[in-house]
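Undergrad: Just passing along the structure, written as structure tokens.
Values quoted throughout were computed directly from the atomic coordinates according to the rules given, and no laboratory measurement underlies them. Quick caveat: nothing in here was measured; it's all calculated off a predicted structure. Note that we place each Cβ from the backbone using ideal geometry, even for glycine, and neighbour counts take in every protein chain shown.
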Amino acid sequence: MSVKVTIVGTGYVGLTTAVCLADLGHDVVAVDVNAEKIARLSAGDPVIHETGLKRLLVANLASGRLTFSNQMSDAVRRADLVMIAVGTPPQADGHVDLTFVEEAADDIAPHLAGFTVVCVKSTVPAGTNRRVGELIAYANPRADFALLSNPEFLREGRAIEEFMNPERVVLGAEDPRALAVGRAVYEPLTKRGRPLLTTSIESAEVAKYAANTFLAARLALLNEFADICEQVGGDIEEVVGVLSADSRIGPHFLEPGPGFGGSCFPKDVGAVAYLCEGLGDAGGLIRTILPSNARRQQRLARRILEVCAVEPRQLRIGALGLTFKADTDDVRDSPAIAVIEHLKRAGAHILAYDPAGMANARQAVTAIDFAGDAYEAAAGAHAVVVLTEWQEFRALDLAKLRAAASGPDLFDFRNVLDRQAVERAGFILHRTGAASPSRRHDRVAVAAQPRSRQRSRARS
Ligand code: UGA
């Protein structure tokens, strides 16, 4: 059954959802206040970098199932389901600014006609869906509507693929009519065996934060073990091999690196930590996740400064990677940029290159230079640092890179390069989660200390 869906907001979540729901056969209108963006989207320009998005956008515009508009009134009047997918920007203290969600509720309310399901797709604290309901009921007491919470679990770079093959669809509702519309929307996926979980509205809201917080905590913990390996020996890759053989831990989402970033994990973990502060002693562990992640980035910058042993103000670093992960142009809360900022503060000069994030990075980072490719970034550098796991970096001509750099140190903070090939090219390789070659002797000395202290205590 085709459902008339109207999506408010054409950001990352709204646009992906609009394109995919149209592709599943629904009749979709996506609304945004930004007229220039609407014009570009209507012309088949996806505006953001997302694998497979352009193809689906163009195909569904052509089929007539997808249109873009800046007219809220018509778009809402026609809809069986209105999805709110606007931004929820984090504030400095971690709390989520819900102004855009509340404005969307106010904008929708007067135009609701006939029974309509109103759904918040944006990631929002528990209670927000009900708040939206109250705002609508206040603005339009005669509106006939029911609430549905339908959080998304999509990863940037794989959003289309994951939308079409979700591990689960979550529908939080208490009105059976809302659930029925939600089920109809996702029927093309559930018919193919994809699981649909129904919960209360609050559970759906909390589950989204819980999922991101679990994943972020997993990475923070993993990177703390990478820190430990870097200092006392051991190799995090071998440790991960052991961990992932335990089915309770599993093999996924265990890539060590410079910490997590992006527009979701830092924001969502910050929001939960903020919430916990207001709940007295709740969330002791949760509150340590972001500081742990920040320490990781600081430590990696310190590692570079220590290994290079060049006066920081003379130090030239070739930085490969600026985006928060590969296959995106997004640099929001990028761990790559966090490491660069620490190096910059120490006085180092940075020449950076990224396959897709240069334009965004130019807006986000000041006082660094940008190179046209990886070799240019390495030119004259005391050290080259891989900060994002781009496929392009795996295929580098390492001899050419070594010839460009002035120093022999190569820091592979995503462990993407082939160890032997890097060393054959004449680099000294410093991997994430493994001690630096030049520091192996110190490690033995450090590891030996506590035992000898213990013995002398026992003797005295
Ligand atoms: C994340 C979640 O994975 C999605 O399920 C969720 O829907 C989304 O947030 C959201 O809330 O909208 P995303 O931010 O696109 O998705 O990025 P991830 O692929 O999860 O990566 C987040 C960060 O963790 C990146 O900096 C990445 O490099 C890092 N990461 C990820 C690792 O360092 N190691 C890993 O093994 C995996």
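Undergrad: Would you work out if the range 32-185 is rounded, prolate or oblate? Take a ≥ b ≥ c from the square roots of the eigenvalues of the alpha-carbon gyration tensor; rounded if a/c is under 1.5, else prolate when a/b is larger than b/c, oblate otherwise.
TA: In terms of gyration-tensor shape, rounded.
Undergrad: Just tell me which aspartates and glutamates come within less than 18 Å, Cα to Cα, of K400; anything on the same chain fewer than 8 places away is out.
TA: Result set, ordered by chain and number: D354, D373, E376, E392, D409, D412, D418, E423.
Undergrad: How big is D for the range 95-173, in µm² s⁻¹ as a whole number, if Stokes-Einstein is applied with the Kirkwood radius of its Cα pairs at 37 °C and 0.692 mPa s?
TA: 238 µm²/s
Undergrad: Also, I was wondering about something else. Can you list residues whose amide H is under 5 Å from L196's amide H, if they're 5+ apart or on another chain and H is modeled 1.01 Å from N?
TA: Distant-sequence amide H within range of L196: V169.
Undergrad: Quick check: convex hull of the Cα atoms in the range 114-158, volume per residue, rounded to a whole Å³?
TA: Taking the convex hull of the Cα positions in the range 114-158, it is 83 Å³ per residue.
Undergrad: At what distance in angstrom do the alpha carbon centres of the range 223-261 and the range 30-60 lie from each other?
TA: One Cα centre to the other: 39 Å.
Undergrad: How large is log10 I(q)/I(0) at q = 0.16 Å⁻¹ when the Debye formula is applied to the Cα atoms of the range 151-212, each weighted equally and without solvent?
TA: So the normalised log intensities are -0.52.
Undergrad: In the range 174-206, which residues have a backbone nitrogen under 13 Å from the label point lying 7 Å from R130's Cα in the Cα-to-Cβ direction?
TA: 174, 200-206, by backbone N distance to the label point.
Undergrad: Between R345 and E161, how high is the FRET efficiency from 1/(1 + (r/R0)^6) when r is the Cβ-Cβ distance and R₀ = 30 Å? Nearest 0.05.
TA: The calculated FRET efficiency here is 0.20.
Undergrad: Would you mind classifying the range 375-438 by shape? Square roots of the alpha carbon gyration tensor eigenvalues, ordered a ≥ b ≥ c; an a/c under 1.5 is rounded, otherwise it is prolate if a/b is larger than b/c and oblate if not.
TA: Note, shape of the range 375-438 comes out rounded.
Undergrad: What list do you get for K325, K344, K191, K54 if you sort them by fewest beta carbons within 10 Å?
TA: K191, K54, K344, K325
Undergrad: Just to compare against my own numbers: the Cα pair-distance distribution for the range 188-295, 10 Å bins, whole % per bin, please.
TA: 13, 35, 32, 17, 3, 0
Undergrad: Something else about it: Rg and Dmax in Å for the range 300-425, alpha carbons only: what are they?
TA: When restricted to Cα atoms, the range 300-425 yields Rg and Dmax of 13.0, 37 Å.
Undergrad: For a quick check: with amide H placed at 1.01 Å from N, whose amide H comes under 5 Å from F411's, ignoring anything fewer than 5 positions away on the same chain?
TA: Residues meeting the criterion, in which the H sits 1.01 Å from N, are V384, V385, V386, H430.
Undergrad: If you don't mind, there's one more thing I want to ask. Which whole-angstrom value gives the distance between the alpha carbon centres of the range 283-298 and the range 351-385?
TA: 28 Å
Undergrad: Related question: Give the Rg/Rh ratio for the range 77-118, taking Rg as the radius of gyration of the Cα atoms and Rh as the Kirkwood radius, to two decimals.
TA: Across the range 77-118, the Cα-based Rg/Rh ratio is 1.11.
Undergrad: To make sure I understand the rule: partners must be lysines, Cα under 17 Å from the Cα of K4, and not fewer than 8 residues away in the same chain. Which ones qualify?
TA: Qualifying lysines at Cα under 17 Å: K121.
Undergrad: Ordered by residue, what ³J(HN,Hα) values in Hz, to whole numbers, does the range 15-24 give under the Karplus form 6.51 cos²θ - 1.76 cosθ + 1.60, where θ = phi - 60° and Gly and Pro are x?
TA: For the range 15-24, the Karplus-derived couplings read 5, 4, 4, 4, 5, 6, 5, 4, 5, 7 Hz, x marking Gly and Pro.
Undergrad: Along its principal axes, what span do the Cα atoms of the range 15-86 show, with the longest given first and each in whole Å?
TA: 31, 27, 21
Undergrad: Order the peptides 43-51, 274-282, 125-133 from the highest to the lowest mean number of other Cβ atoms within 10 Å of their residues.
TA: Peptide ranking by packing, descending: 125-133, 43-51, 274-282.
Undergrad: Among all the lysines, which ones have a C-alpha under 18 Å from K54's C-alpha, if same-chain residues fewer than 8 places away are not counted?
TA: Candidates past the 8-residue exclusion: K37.
Undergrad: Same structure again: Can you tell me the FRET efficiency between E238 and A421 if r is taken as the Cβ-Cβ distance and R0 is 22 Å, rounded to the nearest 0.05?
TA: Plugging the Cβ-Cβ distance into 1/(1 + (r/R0)^6) gives 0.65.
Undergrad: Averaging sequence separations of C-alpha pairs under 8 Å and six or more residues apart, then dividing by the length of the chain, give the relative contact order as a whole percent.
TA: 11 percent
Undergrad: When only alpha-carbon atoms are used, what values of Rg and Dmax, in angstrom, describe the chain?
TA: Radius of gyration, then largest Cα-Cα span, for the chain: 25.0, 85 Å.
Undergrad: Still on this structure: Can you pull a Stokes-Einstein diffusion coefficient for the range 333-381 at 25 °C (0.890 mPa s), Rh from Kirkwood over Cα pairs, as a whole number of µm²/s?
TA: 221 µm²/s
Undergrad: At a threshold of 8 angstrom on Cα-Cα distance, excluding pairs fewer than six apart, so keeping six or more, what relative contact order does the range 91-232 reach in percent?
TA: 23 percent
Undergrad: Now a separate question. If r is the Cβ-Cβ distance from D144 to Q231 and R0 is 56 Å, what FRET efficiency results, to the nearest 0.05?
TA: 0.35
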